[in-house]
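Inspection log for the structure reproduced underneath, given as structure tokens.
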Amino acid sequence: MNLGNTIRNRRKQLKISQKELARLMECGSSLVCKWESGKIIPNFEQIQKLEVLLSMGVLSEEFCHRRAIL
């Protein structure tokens, strides 16, 4: 599973819309859409905030792995 799918799946488990996640992240919903589609990788600060909001500790590991292969 890639980082975007991880974000999308957890957001859906929590029943949070992209718009609501964007509001909580203080960014645009189009950015959340791009993360979930894999067009853009969230930066480290965004990953840390996503981990708190989505109650996950696996995003940083996926982020580091993804950056290593790019």
Per 0.36 nm of contour for each residue apart, how much would the distance between Glu45 and Asn9 grow if the chain were fully extended, relative to their Cα-Cα spacing? 10.9 nm
Under the 0.36 nm per residue contour assumption, what length would be gained going from the current alpha-carbon distance of Ser17 and Leu53 to full extension? 11.7 nm
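FYI, it's all coordinate maths here, none of it is from the lab. Just so it is clear, the structure is predicted and the values come from calculations on it, not from any experiment.
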